[in-house]
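Here is the structure we will look at, set down as structure tokens.
We did not get these values from a lab; they are worked out from the coordinates using the rules stated. Just so it is clear, the model here is predicted, and its values are computed rather than measured. A quick note on method: Cβ atoms are made from the backbone with ideal geometry, for glycine too, and the neighbour counts reach across all protein chains shown.
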Amino acid sequence: MATDRPSTVYLWELAWILPSIALPVGMLAALAVTAFGAGINVAGDRGRIDPTKVAEHALFKEPGVAEIAPGQYEVRMTGQIWAFVPNEVRVPAGSTVHFWATSKDLVHGLFVPRHNVNVMLLPGQISHAQARFDTPGEYPIICHEYCGIAHHTMAGKIIVEARR
Ligand code: CUA
């Protein structure tokens with residue numbers, strides 16, 4: 001029957017059109033949930049630094065860990081072949097840690113598994129990441145950008161101590 005034809009075509013078209021609308025809408029929703037709900041964002045550019053004068057920069061003159069407010073810790077960290085300075089960070093459970101880091105030589109990475117810390121350390125750029133550590137334990141700090149022969153040895157640790 002000639003009249004059936006247009007409606008069959010219409011259904012086939014719908015079968016393609018609806019998923020192609022639903023897919024991007026679903027992806028946009030997932031993006032909104034991860035960005036605003038889970039706080040997962042692309043690391044932004046937090047400033048430039050002369051990579052030959054890292055040790056003179058106010059942020060990195062004295063690398064280390066400091067409490068900046070109750071429950072808030074700041075880590076000022078440098079990466080160089082093949083170590084993080086400091087390579088041990090000690091905070092009480094329930095702390096939010098703000099990482100400020102840069103590289104003194106070549107491209108390194110700063111990665112803390114299962115926490116929202118996953119940035120590159122680029123010579124000339126200041127990187128920032130922030131994460132909350134609720135569960136006492138030891139967490140690795142890993143360089144996850146290949147940086148030469150001893151790349152696999154470049155690691156540190158975060159020690160989260162139980163509150164007394
Ligand atoms: Cu530093 Cu790999």
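Sorted on the mean count of surrounding Cβ atoms within 10 Å across their residues, most packed first, peptides 66-78, 100-112 read 100-112, 66-78.
For the pair residue 88 and residue 50, a Förster radius of 30 Å applied to the C-beta separation gives a FRET efficiency near 0.65, rounded to the nearest 0.05.
For a straight C-alpha distance cut-off of 22 angstrom, the lysines reachable from residue 157 (same-chain residues fewer than eight places away being disregarded) are 61, 104. A full extension of the chain between residue 152 and residue 28 corresponds to an added length of 41.0 nm, given 0.36 nm per residue minus the alpha carbon distance. Can you tell me what the convex hull of the Cα atoms of the chain projects to on average, as an area in nm²? The directionally averaged projection comes out at 14.9 nm². Take every Cα pair under 8 Å whose residues are at least 6 apart in sequence, average their separation, divide by the length of the chain, and the relative contact order is 21 percent. Full extension of the chain between residue 17 and residue 161 yields a length gain of 46.4 nm, computed as 0.36 nm times the residue separation minus the alpha carbon distance.
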